Amino acid sequence: MYDVIVVGARCAGSPLAMLLARKGHRVLVLDRAAFPRDTVSTHYVQPSGLARLRRWGLLDRLAATGCPPITEAVWWFGDDLSVRGFAPPYEGVAMALAPRRTVLDALLVAAAREAGAEVRERCTVRSLLRDDTGRVVGVRYDSRGREHTARAAVVVGADGRNSLVARETGAETYHERPPLTVVYYAYWRGLPSARRHLNEVYLVGDKQIGVIPTHDDLCLVQAARPHAFYPTYRTDIEGHYHKAIAEAAPGLARELAGAQRVDRFRGTADLPNFYRTPYGPGWALVGDAGYHKDPLTGQGISDAWRDAELLAGAIDRAVTGAEEWQGALAGYERARNAASELMYEFTCEAAGFDLDPMTRQLVRVVAEHREDADRFFGMIAGSVPAEEFFAPDNLLAMLGRLPADALAEPTGTKGS
């Protein structure tokens with residue numbers, strides 16, 4: 001009998017298991033993968049996420065893998081309109097990292113094991129076990145062709161946006177938005193060395209292009225289009241990928257012409273935006289299983305770590321009897337939602353290819369004032385509270401810095 005069973009061992013599951021094991025709980029983690037194994041991802045870890053990793057004693061270990069520190073960001077919004085800067089430090093962390101998931105997930109799995117959690121790979125969870133009252137009390141899973149069961153006081157779904165735990169418990173979905181984008185990306189070697197510490201994003205018309213440096217002297221280059229474009233995109237992924245980059249970022253397209261693509265294209269159109277009620281009798285959800293949004297702003301990994309800390313504390317209080325289950329888990333949901341709601345709305349707007357007029361004017365302000373640009377990136381990174389950045393007084397002050405003759409909306413295509 002375990003205290004907690006965690007379904008899923010990636011960015012939400014392994015940290016949760018590690019934190020609970022460090023608190024003395026008996027934890028079992030099940031994942032169908034054998035690590036290291038890749039997965040579709042933005043790779044991006046915000047400074048706020050890295051600060052948590054440092055608190056857990058893992059940041060130096062990740063940095064030692066050779067992942068280049070990202071210390072500058074540029075977002076392009078059309079012809080010669082760019083926002084350049086970087087977030088203020090978060091708890092002393094003044095960089096971002098974008099590790100390959102083969103590296104990051106294996107590191108997190110190892111940390112969970114080192115903390116005392118039992119991690120079983122190549123195990124596929126098939127269903128949940130319930131008692132006579134309907135409370136979840138364990139899981140049924142397959143391993144090496146044989147069926148097994150395991151029981152626990154709590155079962156946590158850290159199994160992604162298509163979570164089996166969420167599906168079987170009927171977890172309610174709310175604040176839903178439809179998928180906004182379809183995205184494909186590839187890894188490239190041979191891009192200019194200036195990109196080794198730069199995160200660059202192009203938001204031009206109905207195209208989103210992102211460039212992120214990662215392990216092995218590679219850059220991840222992604223090209224997103226509106227979700228309705230998916231049937232067309234998939235007919236010629238490589239052709240439409242290069243066409244989008246050529247139209248939105250011709251300078252980048254020229255760089256890619258002299259670079260080498262490494263490995264195949266990866267991507268998805270399965271990018272819904274939602275919150276789920278993250279708990280019920282004997283079960284809970286964390287990471288993408290409980291809250292998911294478009295990857296444009298690179299929040300997923302950092303959010304998963306934040307929520308793993310919140311949930312670990314709630315489960316610990318409930319299992320030890322320090323707090324009643326309903327109150328502890330309701331507090332977890334409130335804290336998760338409060339920490340994410342403004343970024344959720346901003347991400348959905350930015351990923352919708354249609355910024356409202358006020359947002360467009362704010363873009364012009366942050367493009368012209370480095371201090372505002374740094375605070376903009378700090379809002380995305382977590383070092384500037386979103387509620388502070390979006391406070392009416394702050395927005396009015398920013399708009400007051402806009403020259404009277406700078407009222408036209410950005411248009412055109414950035415070329416370099």
For the range 8-28, pairs from a residue that is at positive phi to a residue that is assigned to a loop (DSSP other than H, G, I, E, B) and not aromatic (Phe, Trp, Tyr), with Cβ under 7 Å and 6 or more apart or across chains, are Gly8/Asp31; Gly8/Ala158; Gly8/Asp159; Gly8/Gly160
Within the range 224-246, restricting to residues that are farther than 13 Å from Tyr185 by Cβ and of a type in the set (A, V, I, L, M), the one that is surrounded by the most Cβ atoms within 10 Å (Cβ to Cβ) is Ala246
Counting only residues that are touching an Asp or Glu at 6+ places or on another chain (Cβ under 8 Å) and closer than 22 Å to Tyr187 by Cβ, the range 267-287 contains a total of 1
Counting only residues in the range 199-245 that are among the β-branched types (Val, Ile, Thr), assigned to a strand (DSSP E or B) and within 23 Å of Phe77 (Cα to Cα), the one modelled with the lowest pLDDT is identified as Val204
Looking across the range 295-313 at residues that are of a type outside the set (Ser, Thr, Tyr) and within 16 Å of Ala350 (Cα to Cα), the single one that is surrounded by the most Cβ atoms within 10 Å (Cβ to Cβ) is Gln299
Checked the range 39-59 for anything more than 24 Å from Thr347 (Cβ to Cβ) and part of a loop (DSSP other than H, G, I, E, B); matches are Trp56, Gly57, Leu58
Going by what's in this entry, would Ala249 be described as touching a Phe, Trp or Tyr at 6+ places or on another chain (Cβ under 6 Å), modelled with pLDDT of 95 or more and buried (at least 17 other Cβ atoms within 10 Å of the Cβ)? yes
Within the range 77-109, restricting to residues that are hydroxyl-bearing (Ser, Thr, Tyr) and in contact with a helix residue (DSSP H, G or I) (Cβ under 8 Å, 6 or more places away or on another chain), the one that is farthest from Arg196 (Cα to Cα) is Tyr90
**OP:** Inspect the range 183-195 for any residue being basic (Lys, Arg) and over 30 Å from Ala94 (Cβ atoms) and give the result as yes or no.
**Re:** no
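Counting just the residues of the range 279-294 that are touching a Leu at 6+ places or on another chain (Cβ under 7 Å) and within 23 Å of Pro99 (Cβ to Cβ), which one comes out surrounded by the most Cβ atoms within 10 Å (Cβ to Cβ)?
Selected residue: Val286.
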Per the filter on the range 60-103, residues farther than 21 Å from Glu371 by Cβ, of a type in the set (A, V, I, L, M, F, W, C), part of a loop (DSSP other than H, G, I, E, B) and touching a residue at least 24 places away in the same chain (Cβ under 8 Å) are Cys67, Ala98
Restricting the range 171-191 to residues that are within 18 Å of the chain's Cα centre (by Cα) and exposed (fewer than 14 other Cβ atoms within 10 Å of the Cβ), the one nearest to Trp283 (Cα to Cα) turns out to be Glu176
Within the range 380-396, residues in a loop (DSSP other than H, G, I, E, B) and either more than 28 Å from Trp305 (Cβ to Cβ) or free of Cβ contacts under 8 Å to residues at least 40 places away in the same chain (or both) come out as Pro385, Ala391
Filter the range 1-48 for residues that are of a type in the set (S, T, N, Q) and modelled with pLDDT of 95 or more; the one that is nearest to Val183 (Cα to Cα) is Ser41
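Do we have Glu168 as assigned to a strand (DSSP E or B), at pLDDT 95 or above and surrounded by fewer than 23 Cβ atoms within 10 Å (Cβ to Cβ) here?
No: the conditions fail for Glu168.
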In the set Arg113, Arg144, Arg130, Arg135, the lone residue that is modelled with pLDDT under 95 and charged (D, E, K, R) is Arg144
So Gly160, is it in contact with a Gly (Cβ under 8 Å, 6 or more places away or on another chain), of a type in the set (Gly, Ala, Ser) and surrounded by fewer than 17 Cβ atoms within 10 Å (Cβ to Cβ): no
Pairing a residue in the range 353-379 that is over 25 Å from Asp206 (Cβ atoms) with any residue that is among the polar types (S, T, N, Q) and part of a helix (DSSP H, G or I), where Cβ atoms lie under 9 Å and the two sit 6 or more apart in sequence or on different chains, gives Arg375/Asn394
Reported set for the range 288-301 where residues are small (Gly, Ala, Ser) and more than 23 Å from Tyr184 (Cβ to Cβ) is Ala289, Gly290
Scanning the range 148-204 residue by residue, those of a type in the set (A, V, I, L, M) and without any contact (Cβ under 8 Å) to a residue 12 or more places away in the chain turn out to be Ala194
By residue number, the members of the range 192-217 that are surrounded by fewer than 21 Cβ atoms within 10 Å (Cβ to Cβ), of a type in the set (A, V, I, L, M) and touching a strand residue (DSSP E or B) at 6+ places or on another chain (Cβ under 7 Å) are Leu198
Filtering the range 222-251 down to residues that are touching a residue at least 40 places away in the same chain (Cβ under 8 Å) and β-branched (Val, Ile, Thr) yields Ile237
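The values are calculated or read from the model by the stated rules, or taken from the named source; none is laboratory data. As the structure is a prediction and not an experimental result, all values here were calculated from the model. Reconstructed Cβ throughout: ideal geometry from the backbone, glycine too, with neighbour counts over all protein chains shown.
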